[in-house]
Amino acid sequence: MALDWQTMHLKILTVDDSQTIRIFIKRAFAPYNCDILEAQNGVEGLAMARCETPDLIFLDITMPLMSGIEMLNTIKRRKQLKNIPIVMLSADSSKDTINHFMKMGAADYIVKPFRKNTIVESAQKIVRLQPKKNKIKSKNHFKKFSFIYKDICVVILPDLVSKELAIQLNDYIQSKLASVIHTDVNNLILYLGKISQINMLLIKLIIMTVMNCQKLGIPLRIVGTPGLGKILRGFKETNHITVDATITLAKLALQNKIGPELVGSKEDDLF
């Protein structure tokens, strides 16, 4: 699993030997919550597609080393890649050419030169574009999500973790971890007792927190339900994690007063 938070954004790959076109497309999607990947020929584009599995590809037809036709053919023959939608880019506006590429499996065909809104409208027919939101600038916004108990920092996640909130919470947790290593607070409890929906955004947030704690040498306990524990055991990064029933049990575990195997479902001592 790719763990970079960029994987939580829509990934769009532009394959074109013209840097001007690549920059133009990147700017067209600047207002949206997506990551733009770039390749300057079909060989690079195919390698990028294998590594990143983009949600959408804009593919030029005429390129060195490997043309857009060859790359399209190759992708449509690969089981792991064939479902990636591909929009072809070309100066050829003939109906026969357009029909030919649509029959080959292209999702759309755009004639050069084109406007930014043409690219965006084509993408919107295929994937869901989300406009960027203004990030919350003050970390004070997240004070309600954490408190300190002796040498333990407790971070409380809200009932639903959205994409934007997951990114902001990850930044907040990383900043808290970076700050506590210089204090007497040297343990972390991640409380998920309020969570109403377990999704991949939440799982990635947990995994990133686990990895950051391991990197900094900060002991971590997670509080939640047995169902969450079962889900976490399905990921190699978290299959060793025990989910505690309450914050009290997590505190005791961090203080080495109980073993790590306790799993429960009821939180009775949050405040």
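Just one of the listed residues (107, 39, 47) is small (Gly, Ala, Ser) and either more than 24 Å from residue 118 (Cα to Cα) or in contact with a Phe, Trp or Tyr (Cβ under 8 Å, 6 or more places away or on another chain) (or both), and it is 47. Scanning segment 78-92 for residues that are over 27 Å from the mean Cα position of the chain (by Cα) and modelled with pLDDT under 95 yields a count of 3.
For segment 207-225, taking the residues that are hydrophobic (A, V, I, L, M, F, W, C) and under 20 Å from residue 251 (Cβ atoms), the one that is surrounded by the fewest Cβ atoms within 10 Å (Cβ to Cβ) is identified as 216.
Conditions (1) surrounded by fewer than 18 Cβ atoms within 10 Å (Cβ to Cβ); (2) under 13 Å from residue 13 (Cα atoms); (3) not assigned by TED's automatic domain parsing to the domain that holds residue 14, marked per residue:
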{"residue": "36", "(1), (2), (3)": "no, yes, no"}
{"residue": "46", "(1), (2), (3)": "no, yes, no"}
{"residue": "51", "(1), (2), (3)": "yes, yes, no"}
{"residue": "67", "(1), (2), (3)": "yes, no, no"}
{"residue": "70", "(1), (2), (3)": "yes, no, no"}
{"residue": "86", "(1), (2), (3)": "no, yes, no"}
{"residue": "93", "(1), (2), (3)": "yes, no, no"}
{"residue": "99", "(1), (2), (3)": "yes, no, no"}
{"residue": "114", "(1), (2), (3)": "yes, no, no"}
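Residues checked against (1) of a type in the set (Asp, Glu); (2) free of Cβ contacts under 8 Å to residues at least 12 places away in the same chain; (3) over 29 Å from residue 163 (Cα atoms):
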| position | (1), (2), (3) |
| --- | --- |
| 36 | no, no, no |
| 41 | no, no, yes |
| 94 | no, yes, yes |
| 100 | no, yes, yes |
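Listed conditions (1) assigned to a loop (DSSP other than H, G, I, E, B); (2) within 30 Å of residue 10 (Cβ to Cβ); (3) without any contact (Cβ under 8 Å) to a residue 40 or more places away in the chain are all met by residue 185, apart from (2). Scanning segment 25-34 for residues that are over 16 Å from the mean Cα position of the chain (by Cα) and surrounded by 17 or more Cβ atoms within 10 Å (Cβ to Cβ) yields 25, 28, 29. Residues that are touching a Leu at 6+ places or on another chain (Cβ under 9 Å) and not in a loop (DSSP other than H, G, I, E, B) were ranked within segment 216-242; the one that is modelled with the lowest pLDDT is 216.
The values are calculated or read from the model by the stated rules, or taken from the named source; none is laboratory data. Only a predicted model underlies this, so the values are computations on that prediction, with no experimental measurement involved. All Cβ positions, glycine included, derive from the backbone under ideal geometry; neighbour counts span all protein chains shown.
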